[in-house]
Amino acid sequence: MCKYNPKTDLVFRKLFGSEDNKDLLLSFINAVLDREPRIKDLELKNPYNIADYLKGKMSILDIKAVDEKGVWYDIEMQLAEQGAYGKRALYYWSKVYSNQIQRAEDYRELRKTIGIHLLDFDYFADERYIRQVTLKDNETDQCYQELDYQELFFIEMSKFDKDLKEARTVLDRWITFLNKAYEYDENNIPAELREEREIEEAIKRLERMYFDEKEQEVYEAERKWVMDKKEEIRTAQERSLKEGERKKAIKVAREMLKDNESIEKIVRYTDLAREEVEELKNI
């Protein structure tokens, strides 16, 4: 099985953001866009190396690339839940778009910018695992060529629940790989994933991926941070649930007290302590 988690920032950047692996990134972007003509080539604007990665640790850790037609791509993996992620996505889209103009303020230099956001948590309310957001006319639902410079894709990996037989699109198979890489190695690649050469290669390259001492240290630190963050969220949710159950029990106890029910019955019915019920009675 693959020893590294491809959803971890460092691994994701090294696997998809390295010059040697541009074919994987190209396949993944084409799978997200799902349109013709397909992108044929990419130029990485921030190719992975550990020194640059560490320098950028306090800022955005995304992959930036430009295709042969000049379209920019900003790809980010986000594991920790963020309530304001939509604002973050728009903020970094705007930076990639506006930073295309360096010194001369020539708006003609601006090219379409597409943000692709892989989220390992539920952010939107419905059950779709992928959504595309563009600028449209509110009345006619029309897209204008004059304004066709912004496109955002959100992929909520935690909502993806298809098994291999149901994973019919290339994107389905890429998300299957990202979610279940720990189940595969180069001697155990399901036929459905072997149909996509780049996904088969991704499994092989991930299994053979080498980390030096510094990279291994960063990887372990990132894994710990993600695990700690998820535990914090789980604990907060559990605490919130218990608090909600307690408030409900107190409400029921008060109603029962109004009906002159015995303290023993209220304790038995609500699981509140006798002292709590007696205190409610005296209020």
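The values are calculated or read from the model by the stated rules, or taken from the named source; none is laboratory data. Note that this is a predicted model, so its numbers are computed, not measured. Glycine also receives a Cβ, built like all others from the backbone with ideal geometry; neighbour counts cover every protein chain displayed.
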**Prompt:** In this structure, is ARG88 surrounded by 18 or more Cβ atoms within 10 Å (Cβ to Cβ), of a type in the set (Lys, Arg) and in a helix (DSSP H, G or I)?
**Reply:** no
**Request:** Name, by its number, the condition in (1) closer than 18 Å to ALA202 by Cα; (2) under 22 Å from the mean Cα position of the chain (by Cα); (3) surrounded by fewer than 19 Cβ atoms within 10 Å (Cβ to Cβ) that does not hold for ASP9.
**Result:** (3)
**Residue pairs meeting the criteria (Cβ under 6 Å; at least 6 apart or on separate chains; first assigned by TED's automatic domain parsing to the domain that holds SER262, in segment 240-252; second surrounded by 10 or more Cβ atoms within 10 Å (Cβ to Cβ) and part of a helix (DSSP H, G or I))** = ALA249/THR270; VAL252/THR270
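Which residues, counting only those in segment 134-150, are in a loop (DSSP other than H, G, I, E, B), under 26 Å from PHE28 (Cα atoms) and out of contact with any helix residue (DSSP H, G or I) (no Cβ under 6 Å at 6 or more places or on another chain)? First the steps, then the outcome.
Taking segment 134-150 first, the residues in a loop (DSSP other than H, G, I, E, B) are 135-144, 148-149.
Cutting the leftovers down to under 26 Å from PHE28 (Cα atoms) gives us 135-136, 143, 148-149.
Passing the criteria: LYS136, CYS143, ASP148, TYR149.
Collect the residues in segment 199-226 that are acidic (Asp, Glu) and within 21 Å of the chain's Cα centre (by Cα), keeping them in residue-number order. Break it down into steps so the answer makes sense when it comes.
Restricting attention to segment 199-226, the residues satisfying the condition of being acidic (Asp, Glu) are 200-201, 207, 212-213, 215, 217, 220, 222.
Once the filter is applied, which keeps residues that are acidic (Asp, Glu) and within 21 Å of the chain's Cα centre (by Cα), segment 199-226 yields GLU220, GLU222.
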**Fill in**
Among residues of segment 39-88 being among the β-branched types (Val, Ile, Thr) and under 18 Å from GLY115 (Cβ atoms), the residue modelled with the lowest pLDDT is ILE60
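Please verify whether LYS3 is surrounded by fewer than 17 Cβ atoms within 10 Å (Cβ to Cβ) and not assigned by TED's automatic domain parsing to the domain that holds ILE175, treating the condition exactly as stated. Talk me through it step by step, then tell me what you get.
Numbers: surrounded by fewer than 17 Cβ atoms within 10 Å (Cβ to Cβ): yes; not assigned by TED's automatic domain parsing to the domain that holds ILE175: yes.
Yes, satisfied.
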**Message:** Looking at segment 229-278 only, could you name the residues that are exposed (fewer than 11 other Cβ atoms within 10 Å of the Cβ), closer than 30 Å to ALA80 by Cα and modelled with pLDDT under 85?
**Reply:** GLU231, ARG234, THR235, ALA236, GLN237, GLU238, ARG239, SER240, LEU241, LYS242, GLU243, GLY244
**Request:** Of all residues in segment 76-99, count the ones that are in contact with a helix residue (DSSP H, G or I) (Cβ under 6 Å, 6 or more places away or on another chain) and under 15 Å from LYS64 (Cα atoms).
**Result:** 1
